[in-house]
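Student: Pasting in a structure now, in structure tokens, and then I'll have a few things to ask.
The values are calculated or read from the model by the stated rules, or taken from the named source; none is laboratory data. The structure displayed is predicted, hence computed values, not measured ones. Because the Cβ atoms are built from the backbone with ideal geometry, glycine has one as well, and the counts that use them run over all protein chains shown.
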Amino acid sequence: MKKDIYLALQERILILDGAMGTMLQRYNFEEEDFRGERFKDYHLSVKGNNDLLSITQPQAIAEVHSKYFQAGADMVETNTFSGTTVAMADYEMEDLVYELNFESAKIAREVADEFTKKEPSKPRFVAGAMGPTNKTASMSPDVNDPGYRAISFNELRIAYKQQAEALLDGGVDLLLVETIFDTLNAKAALFAIEEVKEERGIDVPVMVSGTITDASGRTLSGQTAEAFLISISHIPLLSVGFNCALGAKQLTPHLEVIAHRTDLAVSAYPNAGLPNAFGEYDESPEQMAGQIKEYLEKELINIIGGCCGTTPPHIEAIAKLASQFKPRPIPQFTALSI
């Protein structure tokens, strides 16, 4: 599969899926749906714990993956955005982390294999999603104590290592460290992944995707796009890019910065525009695809998908458009794919 993805990136622009959360909201799951039979007597509310649905509502997760593949996606992300002990502490479900990641990966793997079997010329890939957690290693959450840290690098490393191991055991093709607002958190994840690779004697493609939080063009921890790129360049990566926070149009200048400064593949999966007053996303598939066309004309990207507010129709429109363009050249991949 590693060889396949490097080959595929040279042949075409790969399509990533859209938002998992947006799709799950359409099921209107209530507390009892999140709990299922297994957690019916759990002592805390678990509504909103989307990762738990991989155990209690696996069919829904499989359906979402299937809809994105049907829409033209080459790759889907596992339902594991909050799949670390750090994030699961909110629900006191730290002991479920391995199972949540393993089951999420297994579901996505089975759906991907079904589509690959139907269309062998277009292999489908599974990216193990590793979210940023709800804590930051480089900033204090207490304005009165700027030196305080809610979590350490080592605590993050241990949490990410457990997640990476479970995702790999579940059958993912690659790992995606995503929605990075604090590069120190990402470095802990990348360090953990390198540990797992060394211990297992394997080589796993790794995608990294940061998030620019506002019009300043910086991550939450203060880095520009170029600084973000430089600070992770010591790790062997498949791709680097940005997702979330901004719509496609607002993300363009930041993609230009990294596309002109890296030999890696470049990824982007923006939101469907900016949220309205109700926190909803109004951009239609056609509007979003129209803005992404600039990425393609300028040869900025190799992997494109959608984040908050995007659905299978968005991915379908993007996939149809991307099929008309050649992928951004990645010279360093040539030797790796032979």
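Student: Within the set of pairs 6+ apart or on separate chains, which have a first residue in region 145-173 that is under 21 Å from Tyr98 (Cβ atoms), a second that is basic (Lys, Arg), and C-beta atoms under 6 Å apart?
Tutor: Once the first residue is under 21 Å from Tyr98 (Cβ atoms) and sits in region 145-173, its partners that are basic (Lys, Arg) give Ile151/Lys135; Gly170/Lys106; Gly171/Arg109.
Student: Select, from Val266, Val257, Val240, the only residue that is of a type in the set (Val, Ile, Thr), in contact with an Asp or Glu (Cβ under 6 Å, 6 or more places away or on another chain) and under 20 Å from Pro327 (Cβ atoms).
Tutor: On the way: Val266 fails: in contact with an Asp or Glu (Cβ under 6 Å, 6 or more places away or on another chain); Val240 fails: in contact with an Asp or Glu (Cβ under 6 Å, 6 or more places away or on another chain).
Residue meeting the stated conditions: Val257.
Student: Still on this model: State whether one or more residues within region 105-118 are within 22 Å of Glu31 (Cβ to Cβ), of a type outside the set (A, V, I, L, M) and out of contact with any Asp or Glu (no Cβ under 7 Å at 6 or more places or on another chain).
Tutor: no
Student: Of all residues in region 236-254, which are under 18 Å from Glu194 (Cβ atoms) and either of a type in the set (S, T, N, Q) or buried (at least 17 other Cβ atoms within 10 Å of the Cβ) (or both)? Break it down stepwise before answering.
Tutor: Taking region 236-254 and keeping what is under 18 Å from Glu194 (Cβ atoms), we get 236-240.
Correct list: Leu237, Leu238, Ser239, Val240.
Student: Further question: When region 116-131 is examined, which residues are found to be touching a residue at least 60 places away in the same chain (Cβ under 8 Å) and in contact with a strand residue (DSSP E or B) (Cβ under 8 Å, 6 or more places away or on another chain)? Steps first, answer last, please.
Tutor: Step one: list which residues in region 116-131 are touching a residue at least 60 places away in the same chain (Cβ under 8 Å), which gives 123, 125, 127.
Selection gives Phe125, Ala127.
Student: Here's a follow-up. Working only within region 60-88, note down all residues that are of a type outside the set (Gly, Ala, Ser), under 25 Å from Ala322 (Cα atoms) and assigned to a helix (DSSP H, G or I).
Tutor: Glu63, Val64, His65, Lys67, Tyr68, Phe69, Gln70
Student: What do you reckon, is Val172 in a loop (DSSP other than H, G, I, E, B), of a type in the set (A, V, I, L, M, F, W, C), in contact with a strand residue (DSSP E or B) (Cβ under 8 Å, 6 or more places away or on another chain) and farther than 21 Å from Ile301 by Cα? Walk me through how you get there before you give the answer.
Tutor: Working: in a loop (DSSP other than H, G, I, E, B): yes; of a type in the set (A, V, I, L, M, F, W, C): yes; in contact with a strand residue (DSSP E or B) (Cβ under 8 Å, 6 or more places away or on another chain): yes; farther than 21 Å from Ile301 by Cα: yes.
Judged against the criteria, Val172 is a match.
Student: Between a first residue in region 216-228 that is over 18 Å from Ser239 (Cβ atoms) and a second residue that is among the acidic types (Asp, Glu), which pairs have beta carbons less than 8 Å apart while being 6 or more apart in sequence or on different chains?
Tutor: If the second residue must be among the acidic types (Asp, Glu), the pairs left are Leu220/Asp182; Ser221/Asp182.
Student: Sticking with this one: I'm trying to understand the selection: among the residues of region 290-308, which are in contact with a Pro (Cβ under 8 Å, 6 or more places away or on another chain), surrounded by fewer than 24 Cβ atoms within 10 Å (Cβ to Cβ) and touching a residue at least 60 places away in the same chain (Cβ under 8 Å)?
Tutor: Cys308
Student: Here is a follow-up. For Arg200, are the conditions met, namely being in contact (Cβ under 8 Å) with a residue 24 or more places away in the chain, more than 29 Å from Glu226 (Cβ to Cβ), surrounded by fewer than 19 Cβ atoms within 10 Å (Cβ to Cβ) and of a type outside the set (Phe, Trp, Tyr)?
Tutor: Details: in contact (Cβ under 8 Å) with a residue 24 or more places away in the chain: yes; more than 29 Å from Glu226 (Cβ to Cβ): yes; surrounded by fewer than 19 Cβ atoms within 10 Å (Cβ to Cβ): yes; of a type outside the set (Phe, Trp, Tyr): yes.
When the stated conditions are applied, Arg200 passes them.
The rows are residues; the columns are (1) part of a strand (DSSP E or B); (2) over 16 Å from the mean Cα position of the chain (by Cα); (3) within 21 Å of Met23 (Cα to Cα); (4) modelled with pLDDT of 95 or more.
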site: Lys249; (1), (2), (3), (4): no, yes, no, no
site: Leu274; (1), (2), (3), (4): no, yes, yes, no
site: Tyr281; (1), (2), (3), (4): no, yes, yes, no
site: Met288; (1), (2), (3), (4): no, yes, yes, yes
site: Glu316; (1), (2), (3), (4): no, yes, yes, yes
